[in-house]
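Visitor: Have a look at this one.
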Amino acid sequence: KKFEQTFPENFLWGGAIAACQSEGAFDLDGKGLTVADIAVKHDKTVPRSVRKLITAERLEKVLQETDDRKFPKRHGIDFYHRFKEDIAWCAEMGFKVFRFSIAWGRIFPNGDDAKANMKGLAFYDQVIAEVIKHGMEPLITINHFDMPMNLVTQYGGWKNRQLIDFYVTYAKTLFERYGEKVNYWIAFNEINGARFNVFYSTGIVKDDEATYLQDCYQAAHHQFVASALAKKALSKVSKEAMLGCMVAKFTTYPATCKPEDALEAQKNEQMDNYYFTDTVIRGEYPPYAARFWHENGIELQIFEEDEAVLKRYPADFLAFSYYMSSISAADKENFEETDGNLKNTLKNPHLKASEWGWQIDPIGLRYTLNDLYNRYSIPLFIVENGIGAEDVLEDGKIDDDYRIDYLSAHIKQIEEAIKDGVQLIGYTTWSAIDIVSSGTSEMAKRYGFIYVDQDDLGHGTLKRIPKKSFHWYKAVIAANGLGL
Ligand code: BG6
């Protein structure tokens with residue numbers, strides 16, 4: 001293999017969003033209620049344990065709430081009606097790829113419906129046509145934290161094996177309609193959500209302590225099988241289209257050179273990331289899984305046909321989100337905690353953090369790319385990377401130099417990783433345009449190149465205003481890199 005100096009010619013630069021954080025129109029044109037639609041607005045002062053936990057009691061209360069504005073994801077940034085303008089802004093930046101997700105509840109409002117909702121499909125016909133019209137590759141996440149609520153209340157979420165069939169019917173519907181036009185698919189956003197974002201990833205309500213962990217890992221198993229069956233279905237409609245496995249990559253370093261800390265870091269890497277990626281990419285559970293199940297009283301129901309399908313239909317590429325890194329210590333008491341993507345982490349004294357406490361580590365991205373590529377030898381795709389910040393609109397402008405600094409430091413390290421020999425398909429930043437935050441449902445935590453005039457309470461004109469980073473990213477794409 002020859003030495004690559006920089007980004008390859010066909011490198012896919014772009015940005016990403018998710019349906020449940022952008023579309024709004026939560027009850028229009030036949031869409032069913034989803035788990036995202038019941039996420040209440042919080043902010044960084046509310047502990048993660050409170051934000052994330054959905055018990056049966058809390059669920060009932062939330063379902064009775066009549067004030068829509070308590071649920072910002074129901075309204076998003078009105079992408080549903082403004083997608084043409086938003087996609088045009090992305091094209092203006094020179095995006096080669098646009099990552100978005102399809103809302104399961106628009107296509108199968110209850111998840112178990114006998115027929116697809118044609119109005120939902122008609123909407124995505126238009127979105128995909130618009131993306132392609134502007135010369136961008138659509139990169140579609142089939143399920144991004146928004147399963148239909150009916151699958152939660154009637155089936156208990158992904159711990160129920162029937163969910164595999166419902167998901168595969170949904171995925172097949174998409175492939176049959178778009179398989180020839182769309183080359184890049186992601187089966188599940190952050191498939192390790194079963195470990196970190198249980199309710200929004202799997203629809204499991206925490207009402208039974210005794211079986212909670214068992215249910216979570218059974219749910220993950222069902223998602224692994226669903227992902228393999230989706231790959232099988234996709235290969236029937238297109239030879240070119242690729243299906244990716246995606247994880248939230250939690251890169252961690254040993255807090256000290258103590259062997260106990262190194263072992264702790266290794267264990268965290270295994271259970272936070274590789275348990276999921278090893279299974280979907282290598283097609284079988286890793287050796288350390290059995291001990292984890294044993295020590296946690298987990299007895300998974302795994303059929304022979306599951307093992308066969310996992311082996312036969314592994315994912316084609318590995319996509320991941322990367323925002324931060326953390327450290328691992330055998331004795332956590334000596335370390336301070338800080339917030340992070342989907343989970344709290346220990347503070348690394350060598351790193352600065354975002355306003356939300358997420359530890360910024362560009363070198364960690366190079367480390368991660370090398371680590372993943374050398375482990376799996378399949379193409380990688382960075383599908384989320386960015387900084388959430390409270391942007392200030394002054395004289396009609398947003399000078400988000402901190403975003404430019406964050407992204408350029410990461411792009412520099414990506415280039416280093418390419419020189420290291422890593423095969424990378426593309427890079428979609430999080431996010432293309434300001435959207436509602438996933439973790440806290442705030443509008444104030446902004447990630448985009450395009451400002452959206454809306455506050456946490458849904459007030460504002462929804463006007464789109466390009467930020468300073470918009471012009472910077474446009475130049476990066478035009479130069480196919482930072483030109484360092
Ligand atoms: C990822 C999710 O975990 O992190 C996105 O896939 C999310 O949906 C992103 O928006 C950033 O998290 P947050 O909570 O800051 O929106």
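Visitor: Inside the range 323-339, can you point out the residues that are within 11 Å of the ligand (Cβ to nearest atom) and in contact with a strand residue (DSSP E or B) (Cβ under 6 Å, 6 or more places away or on another chain)? Lay out the reasoning, then the answer.
Guide: We begin by selecting, within the range 323-339, every residue within 11 Å of the ligand (Cβ to nearest atom); these are 323-324, 339.
The answer is 324, and nothing else.
Visitor: Check whether at least one residue in the range 272-280 is more than 15 Å from residue 243 (Cβ to Cβ), without any contact (Cβ under 8 Å) to a residue 12 or more places away in the chain and not hydrophobic (A, V, I, L, M, F, W, C), and report yes or no.
Guide: Within the range 272-280, one or more residues are more than 15 Å from residue 243 (Cβ to Cβ), without any contact (Cβ under 8 Å) to a residue 12 or more places away in the chain and not hydrophobic (A, V, I, L, M, F, W, C).
Visitor: When you scan the range 24-39, do you find a residue that is within 20 Å of the chain's Cα centre (by Cα), surrounded by 13 or more Cβ atoms within 10 Å (Cβ to Cβ), farther than 17 Å from residue 150 by Cα and among the aliphatic types (A, V, I, L, M), even just one?
Guide: No, the range 24-39 has no match at all.
Visitor: Also, quick follow-up: Condition first: surrounded by 19 or more Cβ atoms within 10 Å (Cβ to Cβ), within 16 Å of the ligand (Cβ to nearest atom) and on the phi < 0 side of the Ramachandran plot. Now tell me which residues in the range 340-359 satisfy that.
Guide: Scanning the range 340-359 gives 340, 341, 345, 354, 356, 358, 359.
Visitor: Now a separate question. From the list 258, 267, 232, 249, pick out the single residue that is touching a strand residue (DSSP E or B) at 6+ places or on another chain (Cβ under 6 Å) and modelled with pLDDT of 95 or more.
Guide: 249
Visitor: Then there's this: Of the residues 78, 146, 67, 113, which is charged (D, E, K, R) and in contact with a helix residue (DSSP H, G or I) (Cβ under 8 Å, 6 or more places away or on another chain)?
Guide: It is 146.
Visitor: Could you list all residues from the range 415-462 that are small (Gly, Ala, Ser), touching a Phe, Trp or Tyr at 6+ places or on another chain (Cβ under 6 Å) and either within 15 Å of the ligand (Cβ to nearest atom) or assigned to a helix (DSSP H, G or I) (or both)?
Guide: Passing the criteria: only 431.
Visitor: Okay, next question. Residues 345, 368, 338: which one is under 22 Å from the mean Cα position of the chain (by Cα), closer than 24 Å to residue 418 by Cα and of a type in the set (Val, Ile, Thr)?
Guide: Of the residues listed, the single one that is under 22 Å from the mean Cα position of the chain (by Cα), closer than 24 Å to residue 418 by Cα and of a type in the set (Val, Ile, Thr) is 368.
Visitor: Tell me which residues, restricted to the range 82-121, are touching a residue at least 40 places away in the same chain (Cβ under 8 Å) and more than 30 Å from residue 11 (Cα to Cα).
Guide: If the condition is that a residue be touching a residue at least 40 places away in the same chain (Cβ under 8 Å) and more than 30 Å from residue 11 (Cα to Cα), then 105, 106, 107, 108, 109, 110, 111, 112, 116, 117, 119, 120 are the ones that fit.
Visitor: Would a scan of the range 196-215 turn up a residue that is within 21 Å of the chain's Cα centre (by Cα), assigned to a loop (DSSP other than H, G, I, E, B) and of a type in the set (Asp, Glu)? Step through it out loud before you land on a result.
Guide: Residues of the range 196-215 that are within 21 Å of the chain's Cα centre (by Cα), as a first pass: 196-205.
Still in the list and also assigned to a loop (DSSP other than H, G, I, E, B): 197, 203-205.
Those still in the list that are of a type in the set (Asp, Glu) too: none.
Checking the range 196-215: not a single residue is within 21 Å of the chain's Cα centre (by Cα), assigned to a loop (DSSP other than H, G, I, E, B) and of a type in the set (Asp, Glu).
The values are calculated or read from the model by the stated rules, or taken from the named source; none is laboratory data. Predicted model only: the values in this text are computed from it and were never measured. Neighbour counts are summed over all protein chains in view; Cβ atoms, including those assigned to glycine, are modelled from backbone coordinates with ideal geometry.
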